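Working notes for the structure below.
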Amino acid sequence: GDLHDQVASVIGTFAGRALSTPRLAYALLAEPVDAEVEAERLVFRRAFRDVIAARIAEGVAAGRLPQQDPELTAALLVGGVGEALVGPLA
């Protein structure tokens, strides 16, 4: 599908799953935890970042997106979505 649709699908899946199980999602995204659990959160977020970054890199290479750091842009998207969900999940 279209690049934008692919990125939107990943973000929509992430947000949809979070909103369908708010207590679990809040625990995974925002609940205060020890360093070991926080490290696992980063693994989880990096997996989403990597999927989105790959789509962004494809778009940049094809000239459909402006030059940018795909990993940074993807990390911003994943972090932003996570932060935006904290309120509705709490």
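Where a number appears in this text, it was derived from the coordinates with a stated rule and is not lab data. Keep in mind that what you see is a predicted model, and the values were worked out from it rather than measured. Heads up, the Cβs are rebuilt from the backbone with ideal geometry, glycines too, and the neighbour counts pull from every protein chain shown.
Overview of results
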quantity: Relative contact order computed over the chain (Cα-Cα under 8 Å; 6+ residues apart), in percent; calculated: 42 percent
quantity: Distance in nm between pseudo-label sites at D2 and L72 (7 Å out along the Cβ direction from Cα); calculated: 2.8 nm
quantity: 0 to 90° range, to nearest 10: angle between helix 70-89 axis and the chain longest Cα axis; calculated: 40 degrees
quantity: Order by protection proxy (mean Cβ within 10 Å, highest first), peptides 14-24, 35-45, 49-59; calculated: 49-59, 14-24, 35-45
quantity: Chain lengthening between V37 and E83 when straightened (0.36 nm per residue, less Cα-Cα); calculated: 14.8 nm
quantity: Hull volume in cubic angstrom per residue (convex hull over the Cα atoms of the chain); calculated: 85 Å³
